[in-house]
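Worksheet: one structure, shown below.
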Amino acid sequence: MAVRVTGTDRGRTRVEVTDPDPRALPVLVHATATEESGRGLALLTALARSWGVEQGADRKTVWCELEGAAPSEERVEAVTSARSSR
């Protein structure tokens with residue numbers, strides 16, 4: 001998984017999260033108060049000016065644009081781990 005934050009020519013901040021599974025597309029769900037997941041796209045919809053998904057043959061990128069310019073371009077490699085079952 002990789003995270004990239006850049007400024008756009010419209011003065012916004014673009015956040016991109018890329019992972020190696022092009023088939024698992026994000027789906028907006030309505031999580032209940034007791035559920036531990038399912039709020040990511042709801043947050044994007046509430047906070048982002050726009051968002052979308054770009055699919056490649058071997059990866060997908062979920063992106064959003066937020067109001068306000070990014071301070072600088074930066075690329076961060078995220079550490080991933082398997083989720084534990086509860």
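What follows draws every value from the coordinates through simple rules; no lab data is involved. Just so it is clear, the structure is predicted and the values come from calculations on it, not from any experiment. Using ideal geometry, Cβ is built from the backbone for each residue, glycine included, and neighbour counts are taken over all protein chains shown.
Each residue in the stretch 3-18 was checked for being of a type outside the set (S, T, N, Q), surrounded by 15 or more Cβ atoms within 10 Å (Cβ to Cβ) and either in contact with a Phe, Trp or Tyr (Cβ under 8 Å, 6 or more places away or on another chain) or without any contact (Cβ under 8 Å) to a residue 60 or more places away in the chain (or both), and 5 of them qualify.
Considering each residue of the stretch 27-68, count those that are in a loop (DSSP other than H, G, I, E, B), of a type outside the set (D, E, K, R) and either surrounded by fewer than 14 Cβ atoms within 10 Å (Cβ to Cβ) or free of Cβ contacts under 8 Å to residues at least 12 places away in the same chain (or both), and give that number. Qualifying residue count, the stretch 27-68: 13.
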